[in-house]
Amino acid sequence: MSGNCVFCQIVAGKIPCAKLYETETVLAFLDIAPVRKGHALVLPKAHHPTLWDLPAGLGEDLLAAMQAVGRAVMAATGAEGLNVGMNNHAAAGQLVPHAHFHLIPRHGGDGLSLWAQSAYAGQEEITGLAQAIRAKI
């Protein structure tokens, strides 16, 4: 637990939440500033700042929670779809430095646009970037 982390304080019961799901390792609750009503957060109870800090074994618990909560959010809100997203580091929009996944219910024509698309200059740029990324794996 990180003492000044709001999600760690929620996990510890020091800050209330609208709890949706809980296991020994995972907690899910409604986001207090939802993009859409029913917007839920799924997070590990242990403090891990980003996706890259999560132990691999925890992935199975997180995926099971996202599946259960995602189905329930869709059923309860009548959503036709669901976005699952994760922001890692402040530059990507992560407001709380505790790894967490956003489950956002969607309805056709709801007007929510998550990303603007861009383009590469050409095949050479795509190939070069792919090569650079592969070299770092």
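The values are calculated or read from the model by the stated rules, or taken from the named source; none is laboratory data. What you are looking at is a predicted structure, and each value in this text was computed from that prediction instead of being measured. Positions of Cβ are generated from backbone atoms using ideal geometry, with glycine treated the same way; all protein chains shown enter the neighbour counts. When the accessible area is computed, the model is the full protein with side chains, heavy atoms only, and any ligands, DNA or RNA have been set aside. Shrake-Rupley method; radii C 1.70, N 1.55, O 1.52, S 1.80 Å.
Taking a straight line from the alpha carbon of LYS45, these lysines sit under 19 Å away, with near neighbours fewer than eight places off in the same chain left out: LYS14, LYS19. The radius of gyration of the Cα set in the stretch 69-115, together with its Dmax, comes out at 12.3, 33 angstrom. For the stretch 13-137, the share of accessible area belonging to carbon and sulfur comes to 59 percent (1.4 Å probe, ligands and nucleic acids excluded).
For the stretch 5-64, count all C-alpha to C-alpha pairs, find those more than 15 Å apart, and express that count as a whole percent of the total. Roughly 50 percent, once rounded to a whole number. Extension gain, ALA91 to ALA132: 0.36 nm times the residue separation minus the Cα-Cα distance gives 12.6 nm. Quarter the surface of the alpha carbon convex hull of the chain and you get the mean projected area, 10.3 square nanometres. Could you calculate the FRET efficiency of ASP61 with LYS37 from 1/(1 + (r/R0)^6), where r is the beta carbon distance between them and R0 is 35 Å, rounded to 0.05? Taking R0 as 35 Å, the efficiency between ASP61 and LYS37 is 0.85. Of the residues SER113, SER2, the one with the largest accessible area comes first in the ranking SER113, SER2, computed with a 1.4 Å probe on protein heavy atoms. Our helix-only sum for the chain, with -39,500 (n - 2.57) per DSSP H run of n ≥ 4 divided by its residues, gives a mean residue ellipticity at 222 nm of -9500 deg cm²/dmol.
On full extension, the segment bounded by LEU114 and LEU51 gains 20.7 nm, given 0.36 nm per residue less the C-alpha separation. Between LEU27 and LEU43, LYS45, the built amide H atoms are under 5 Å apart, and every one of these is 5 or more places off in sequence or on another chain.
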